[in-house]
Amino acid sequence: MTGIIDYDAGNVKSVEKALQFLGEDVAVTREPELLLAADRVVLPGVGAFGAAMERLDRYGLTEVIAQITDQGTPFLGICLGLQLLFDESEESPGVKGLGILPGKIVRFPEGEALKVPQIGWNDLRFPKEGCLLKGVPEGSYVYFVHSYYLQAADFADVAATTEYGVTVHAAVEHDNVFACQFHPEKSDRVGLQILKNFISFT
């Protein structure tokens, strides 16, 4: 069973439908017992970093997420869910992230040629071989919607990059922890392959 963390952050239904399309038994929940017992867990999300962390804290999910990742359960962050895994974000100064992986979230630089937020399809480059992007050709396009992007502290964690005025760390992979800045559930066959890779990870 795949647990999807419900913390009122939106974008849950499309993730749920994509996983069900792949044949997964899915539970959308904030119950600690269910999440800790799940075979794998997904943290989706759209919205603001600070508000999301406040909700995770209010629902008692911050510690639950730490327990899930510590016990080796495969864990996938999507969009805001990726950003929350790191230490901090320029979007919400003074708010601590989950700190599961080292790094920070920064805003895209303003410029004439750069529309912020980035909305649309961008291609991926793979600095390393990993599990999450297995079977996905380098140069494949995926769908992004974001104004802030990841600067991982350890480039060894970076599974994919893309270019949007700057180099964006678009996906990460560290042991049992995976995350995508883009939306695999909205990225057609490429996204489904990524989700399939995640639910196949043991």
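Under the shape rule built on the C-alpha gyration tensor, where the axes satisfy a ≥ b ≥ c, region 82-185 is oblate, since a/c reaches at least 1.5 while a/b does not exceed b/c. With R₀ fixed at 25 Å, the C-beta to C-beta distance from ARG125 to PHE21 puts the FRET efficiency at about 0.35.
Near THR62, once Lys and Arg are set to +1 and Asp and Glu to -1 for all other residues with Cβ below 14 Å from its Cβ, the sum equals -1. For the chain, lysine pairs with C-alpha atoms less than 18 angstrom apart, excluding pairs fewer than eight positions apart on the same chain, total 7. Average accessible surface for the chain: 44 Å² per residue, computed with a 1.4 Å probe over protein heavy atoms with every protein chain in place.
Carbon-plus-sulfur accessible fraction, region 116-202 (probe radius 1.4 Å, protein heavy atoms only): 49%.
Measuring nothing but how far apart in sequence close Cα pairs (under 8 Å, 6+ apart) lie, relative to its length, region 27-96 scores a relative contact order of 42 percent.
Which of rounded, prolate, oblate describes region 64-111, given a ≥ b ≥ c as roots of the alpha-carbon gyration tensor eigenvalues and a/c under 1.5 marking rounded, otherwise prolate only if a/b is larger than b/c? Verdict is prolate for region 64-111. The distance separating the Cα centre of region 1-78 from that of region 153-194 comes to 18 Å.
Using a simple spin-label model with pseudo-atoms 7 Å out from Cα toward Cβ, GLN71 and ASP188 lie 3.9 nm apart.
Going by the alpha-carbon gyration tensor, a ≥ b ≥ c the square roots of its eigenvalues, is region 32-135 rounded (a/c under 1.5) or, if a/c is not under 1.5, prolate (a/b greater than b/c) versus oblate? Oblate shape, in that a/c is at least 1.5 and b/c is the bigger or equal ratio.
Among the listed options (1) 31, 20, 16; (2) 42, 20, 12; (3) 23, 20, 15, the one matching semi-axes √(5λ) of the Cα gyration tensor in Å as calculated from these coordinates is (3).
Working out 0.36 nm times the residue gap between ALA113 and LEU34, then minus their Cα-Cα distance, what length gain in nm do you get to one decimal?
Values: separation 79, 0.36 × 79 = 28.44 nm, distance 4.61 nm.
Extra length from ALA113 to LEU34 when fully extended: 23.8 nm.
Annotation: amide H of ASP6 within the under-5 Å range of THR29, ARG30, sequence separation 5 or more or interchain, hydrogens built in the peptide plane.
The values are calculated or read from the model by the stated rules, or taken from the named source; none is laboratory data. All values derive from a computational prediction rather than experimental measurement. Don't worry about glycine lacking a Cβ; one is built from the backbone with ideal geometry, like all the others, and counts go over all protein chains shown. Areas reflect the complete protein model, heavy atoms only, side chains present, ligands, DNA and RNA absent. Shrake-Rupley method; radii C 1.70, N 1.55, O 1.52, S 1.80 Å.
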